[in-house]
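The values are calculated or read from the model by the stated rules, or taken from the named source; none is laboratory data. Everything numeric in this text was worked out from a predicted model, so none of it was measured. Quick reminder, even Gly has a Cβ in these numbers, built from the backbone with ideal geometry, and neighbours come from all protein chains shown. Quick note on the areas: whole protein, heavy atoms, side chains included, nothing else; ligands and nucleic acids left out. Shrake-Rupley method; radii C 1.70, N 1.55, O 1.52, S 1.80 Å.
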Amino acid sequence: MAEKEAKKVPSVPESLLKKRQAYAAMKAKRQKKILAIKKHRKAQRKLIYARAQAYHKEYRHMYRQEIRMARMARKAGNYYVPAEPKLAFVIRIRGTNGVSPKVRKVLQLLRLRQIFNGTFVKLNKASINMLRIVEPYIAWGYPNLKSVHELIYKRGYGKINKQRIALTDNSLIQKRLGKLGIICMEDVIHEIYTVGKNFKVVNNFLWPFKLSSPRGGMKKKTIHFVEGGDAGNREDQINRLIRRMN
């Protein structure tokens, strides 16, 4: 009788016990993975914050340096001539009906396929010559840090798998540009504003900006800015136009 009781069938079947054990192991593994992801994200946030602080210091130093140099020159009775700008922001302001193929091609190369599209351009001899060819069809100038910052944060879209995707998360930037050490929006802004060594890749990653028609309208598109119109180079006055269009 005692032997029969010893060989009694267990209250929980063995198959169910195995299932429970497998589920418990799976749950532990998942929890471990979640903790690792949380830890990684926390470290990433710290790194992004540290980079943003460093960039802020750098921009402040650049700004103070310009003021200091101008003061020193004035004190010595000289003039301070700032360095030639390296970055331009170009906005297309006219259509291309009845336009020569050369102008049409240059607008394509600048990625300005629609009216009120805007792009950043690195200024060198070749790009300045291109801008001269299409000058009657564009407004361009030298954007400041605020303009670059506002454009990328408000109207920044990335080219991901040939699609226009809103840059709502740093992970999107990290996936595409992480191998270049660019992991967040602040990195993108820094690379564009300072015209860094990866400017071309980052600029091509950014989809051309689709701006609104300017508040208060345009003066006259067919006349140069110098003559009271809208076309051509307006130097730092481009920042006013960006505010009206952004």
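Determine, yes or no, whether residue 221 is in a loop (DSSP other than H, G, I, E, B), surrounded by 15 or more Cβ atoms within 10 Å (Cβ to Cβ) and out of contact with any helix residue (DSSP H, G or I) (no Cβ under 7 Å at 6 or more places or on another chain).
yes
If we keep just the residues of segment 24-63 that are hydroxyl-bearing (Ser, Thr, Tyr) and open to solvent by less than 70 Å² (accessible area, probe 1.4 Å), which is farthest from the chain's Cα centre (by Cα)?
So the residue we want is 59.
Whether any residue in segment 66-82 is in contact (Cβ under 8 Å) with a residue 24 or more places away in the chain and surrounded by fewer than 14 Cβ atoms within 10 Å (Cβ to Cβ) is what I want to check. Let's see the steps before the verdict.
First, the residues of segment 66-82 that are in contact (Cβ under 8 Å) with a residue 24 or more places away in the chain: none.
Among the residues of segment 66-82, not one is in contact (Cβ under 8 Å) with a residue 24 or more places away in the chain and surrounded by fewer than 14 Cβ atoms within 10 Å (Cβ to Cβ), which makes the answer no.
Scan segment 169-199 residue by residue and report those that are exposed (fewer than 12 other Cβ atoms within 10 Å of the Cβ) and within 21 Å of residue 119 (Cβ to Cβ).
Of everything in segment 169-199, just one residue is exposed (fewer than 12 other Cβ atoms within 10 Å of the Cβ) and within 21 Å of residue 119 (Cβ to Cβ), namely 197.
Give the residue, chosen from 236, 230, that is over 24 Å from residue 45 (Cα atoms), touching a Leu at 6+ places or on another chain (Cβ under 9 Å), acidic (Asp, Glu) and modelled with pLDDT under 95. Talk me through it step by step, then tell me what you get.
Numbers: 236 fails: touching a Leu at 6+ places or on another chain (Cβ under 9 Å).
When all the criteria are applied, what remains is 230.
Considering only residues of segment 130-157 that are basic (Lys, Arg) and touching a residue at least 12 places away in the same chain (Cβ under 8 Å), which is most open to solvent (accessible area, probe 1.4 Å)?
The extreme case among them is 154.
Considering only residues of segment 83-129 that are polar (S, T, N, Q) and open to solvent by 50 Å² or more (accessible area, probe 1.4 Å), which is nearest to residue 145 (Cα to Cα)?
124
Being buried (at least 19 other Cβ atoms within 10 Å of the Cβ) and in a helix (DSSP H, G or I) is the filter here, so list the residues in segment 204-217 that pass it. Show your work before the answer.
Of segment 204-217, the ones buried (at least 19 other Cβ atoms within 10 Å of the Cβ) are 205-209, 211, 214.
Across segment 204-217, the qualifying residue is only 205.
Of everything in segment 158-168 that's open to solvent by 40 Å² or more (accessible area, probe 1.4 Å), part of a strand (DSSP E or B) and out of contact with any Gly (no Cβ under 6 Å at 6 or more places or on another chain), which residue is nearest to residue 46 (Cα to Cα)?
Checked segment 158-168; the qualifying residue nearest to residue 46 (Cα to Cα) is 159.
From the list 182, 173, 192, 160, which residue is within 19 Å of residue 110 (Cα to Cα) and among the hydrophobic types (A, V, I, L, M, F, W, C)? Lay out the reasoning, then the answer.
On the way: 182 fails: within 19 Å of residue 110 (Cα to Cα); 173 fails: within 19 Å of residue 110 (Cα to Cα); 160 fails: within 19 Å of residue 110 (Cα to Cα).
Exactly one residue qualifies, and that residue is 192.
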